[in-house]
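The values are calculated or read from the model by the stated rules, or taken from the named source; none is laboratory data. Predicted, not measured: the structure shown is a model, and the values here were computed from it. Methodologically, a virtual Cβ is constructed for each residue, glycine included, from the backbone with ideal geometry; neighbour enumeration extends over all protein chains shown.
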Amino acid sequence: MANPKHGAAVLMYHHFGETRYPSTNITLQQFDQHLDYLEQQGFQVWPLEKIVNQLKTGKPFPAQVVAITIDDAYRSIYTHAYPRLKKRNWPFTVFVSTDVIDKKMPAFMSWDQMREMQQHGATFANHSSYHDSLIEQKEKESFEAWRQRIFSDLTAAQKRLRTELGVAPPLFAYPYGEYNIALQQIIKNLGWIAVGQQSGVMSQYADPLALPRYPMAERFAALKPFKTKVASLPLPVINASPADPMLGQQNPPHLHITLEKSDDIQLDQLNCFASNQGNAKITWTDKERGQFTVEAHKSFKSRRNRYNCTAPSKSTGRYYWYSHLWIQP
């Protein structure tokens, strides 16, 4: 049954069956388990573009919708993922950094392989030209020079996709999942929708300039948590501040969240977690209005970090989910 509060769980993969990349690889056994489970449970596998269009129109989602996305266009997509998805006639989206394809680097697919895959459910979208960290200005580079450099990089990649594949959808995946307000503004000016690497459900509550996806790598891809993630619901966050994920002087950061009122969320079982730390501190500032703050117990040391918040549904046992990115400059 369609429900306006439902969303879609979008999965993000990188490598398939390449164990030398454990942080971004998924084993073939895990991937087979994922696909078998989605098929057995009757999930609808939609193209990412269809999910984005659903969000734009405000139409409700069915209860079990997922999309499959893959970053970086590695060759193992063609050799391992593509045959499995083609067999099921399932659509999927690959985000491509075009420069490595043009250089014919052996770890990556070719344009010819992508054209073949297009005939069997694959969509290819923009992942920048060079897969740099786009948020960083070079030494002595002005903000305006940075802005122009990034604009040129992204539009050049879009042009290469259109030239080679005949189409380039207005979709973008941030390299490394990194973004800031200034980069989001460039994406907005281009008229694109962007996806990140923070977990959660794409829904009416999500930022169209940083839509969430569930990263799938060996450590996080066991079947039990996979079942929880694909069944998850969007935590109805109507405000989260600061919006910019760049960490300033306050580390650990304070995240201020306001939830839309819901009788279905078990707020007494709300839990938030900080990357590599476990539980974070939750302080209710106004529980009646759904307002609380989240703070890690220790400062973040690594470059990319997250606060993840979950709470069970009273009626279904499914979990509401929200993730917020933090970047250490």
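Assorted remarks:
- Close pairs from the range 141-156: first closer than 11 Å to I186 by Cα and in the same structural domain as D102 (by TED's automatic domain parsing), partner part of a helix (DSSP H, G or I) and not hydrophobic (A, V, I, L, M, F, W, C), Cβ under 9 Å, at least 6 apart: R147/Q185; F151/N189
- Hits in the range 299-328 - residues which are more than 21 Å from the chain's Cα centre (by Cα), at negative phi and loosely packed, with under 11 Cβ neighbours inside 10 Å: K301, S315
- Within the range 8-55, tally of residues that are of a type in the set (K, R) and assigned to a helix (DSSP H, G or I): 1
- Any hit, the range 160-172, residues being under 30 Å from S262 (Cα atoms) and part of a loop (DSSP other than H, G, I, E, B): no
- Members of the range 216-242 found to be in contact with a helix residue (DSSP H, G or I) (Cβ under 8 Å, 6 or more places away or on another chain), surrounded by fewer than 20 Cβ atoms within 10 Å (Cβ to Cβ) and not in a helix (DSSP H, G or I), listed by number: A222
- Subset of the range 56-77 [surrounded by fewer than 16 Cβ atoms within 10 Å (Cβ to Cβ) and either under 16 Å from the mean Cα position of the chain (by Cα) or part of a helix (DSSP H, G or I) (or both)]: K56, T57
- Here Q185 fulfils each of the conditions (1) surrounded by fewer than 16 Cβ atoms within 10 Å (Cβ to Cβ); (2) farther than 25 Å from E49 by Cβ apart from (2).
- Scanning the range 244-265 for residues that are polar (S, T, N, Q) and loosely packed, with under 14 Cβ neighbours inside 10 Å returns Q249, Q250.
- Residues that are among the small types (G, A, S), touching a residue at least 60 places away in the same chain (Cβ under 8 Å) and either more than 23 Å from D264 (Cα to Cα) or in contact with a helix residue (DSSP H, G or I) (Cβ under 9 Å, 6 or more places away or on another chain) (or both), drawn from the range 275-315: A311
- Some residue of the range 191-206 being without any contact (Cβ under 8 Å) to a residue 40 or more places away in the chain, on the phi < 0 side of the Ramachandran plot and surrounded by fewer than 22 Cβ atoms within 10 Å (Cβ to Cβ): no
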